[in-house]
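One structure is given here, and the rest of the page talks about it.
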Amino acid sequence: MAKKNVRDEPLKPQVSENEQMSDIVFILDKMELILQAVSKIGKDGKYSTVPADKEHSNSFLKIDRYANMFENFVKNFWSQLKDPTRFGILSVKADTLDSPEVKQAIEDLAAGKQTKAVEDFLKKYEIVPRDKENQSINHQNQEEMAKKTETSCAFFAFKNFLSLQNSMLFHNFAVQLYNMKRIFLWLSGAMLLLASCNQYNNVMKTADYDYKYEAAKEYFVKGQYSRSSVLLGELVTLMKGTSRGEECLYMLAMSEFCDGNFDVAHSYFKKYYQSYPKGVYVEYARFYAGRSLYESVPDTRLDQSSTMAAVKEFQDFLDYYPYTHLKDRTQEMIFALQDKMVEKEFEAAKLYYDLGSYMGNCSYGGSNYEACIVTARNALLDYPYASPERREEFSIMILRAKYQLAQQSVEEKRLERYRDTIDEYYGFMNEYPESKYLKDAQRIFAQSEKYVNKKS
């Protein structure tokens, strides 16, 4: 089997004392989950990027986060974007790229995964635009007001406490005060939840489709995919044929994918690249169409038609985009899917072998050993890139099945089948001269040769 493409190792930059005060600037496309590192910033604020992998680590620009150039870059970056919610800037100290959490986050982003590591990575290193900072300040002010309200309640309760004379009453009041605090916090949380629900309900009811669309995009960026899916599902038909129709359909597919509805996501991705063959997102739509099937492939004990469909989807993707930057990831998944189908065939062949002389499933003639031989041999032909270990197991299974078939044959067929077993032994030894099944193969050969010599 050809060697699988292995994902690049997480970055391990050499850090000097001067570099310890420098940051690496990353730009994240939150819709496509593509992480790029800034390699150059011009005086006009324009920038160049390279993939965030080990191969391009020497091209990463190291910059003082507090320098004027960095500040100008951030301002220009947000001002140039048509859709600021889609992109994010991350500033990471050069000497932290080797930390386990950062490595894991970069690795997950390279695989197109939205994991807890990615979430923590964004929370810690993402630079928030000024308008969002203001929102954060407002949120902090609300929290401070809530704390002041809570303090006022506690002070009022304390004044009442001063009039209490009985120690038991004091105890009861302390419990009540504690419960009041718990109730207050619960009510605050409930009010925030209700406010969120009310906002979502208002969005659902509105006839302003532009507002509904912007709300759907916001829910998508926040990771609230079930809400964005509902809104976009309503809008996708209404916006068909408009300038937003293409983006709406693609974002709907991504929402379903991120929400784990892979079958639905596949149908939308397929609909996208069929409806917009030259669309902005067509490359990613074809990739994620295969990825959706990949994520939903069943256990090897079940039918593998969806596995074969995923392989075809990926192969079509590589035919359309042979030089895509997603090539290595795609080939990795193809290899994994092929291994899954090999396992399916191996389990089928092994089942036939284990059934042995049982005739309940041989209503159309033949035997389980013959079925085992045919299944194993077809697997070796159909999957030439199966692992050497698995190919060896198929080969020894064929040899064993031929031996068992010869033993259980009627007398007029036995000699011929023992000779066939001997021929299979020579083929096996030629390919696996140091096999771990050597003793078993030699035993089969000795018994078969003994019978042939006796009849000769």
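Every read-out reported here was derived from the displayed coordinates using simple, explicitly stated rules and does not represent laboratory data. Keep in mind it's a predicted model, so treat the numbers as computed, not measured. Neighbour counts are summed over all protein chains in view; Cβ atoms, including those assigned to glycine, are modelled from backbone coordinates with ideal geometry.
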Report task. Quantify how much of the Cα-Cα distance distribution of the stretch 209-339 extends past 27 Å, in percent. Result -> 22 percent
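Quick check on my link table: of 30/116; 113/240; 113/270; 312/340, which ones sit more than 23 Å apart, alpha carbon to alpha carbon? Could the numbers behind the result be given before it?
Working: 30/116 15 Å; 113/240 29 Å; 113/270 20 Å; 312/340 14 Å.
Violating the 23 Å limit, Cα to Cα: 113/240.
Net charge near residue 276: determine it from the other residues with C-beta under 14 Å of the C-beta of residue 276, scoring Lys and Arg +1 and Asp and Glu -1. Show your work: numbers first, answer last.
Numbers: positive: 240, 244, 270, 271, 278, 286; negative: 246, 247, 283.
Net local charge, residue 276 excluded: +3.
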Report summary line: The answer for the net charge of residues other than residue 355 whose Cβ lies under 15 angstrom from its Cβ, with Lys and Arg +1 and Asp and Glu -1, is -1
Report summary line: Lys pairs in the stretch 341-455 with Cα under 17 Å (8 or more apart in sequence, or on separate chains) total 8
Requested in this report: Provide the net charge surrounding residue 319, with neighbours chosen by a C-beta distance below 15 Å and charges set as Lys +1, Arg +1, Asp -1, Glu -1.
Outcome: 0
Report summary line: Taking 391-400, 98-107 and ranking on average Cβ neighbours within 10 Å, highest first, one gets 391-400, 98-107
Query - Compactness of the stretch 319-456, expressed as Rg and Dmax over alpha-carbon positions, Å - result: 18.3, 64
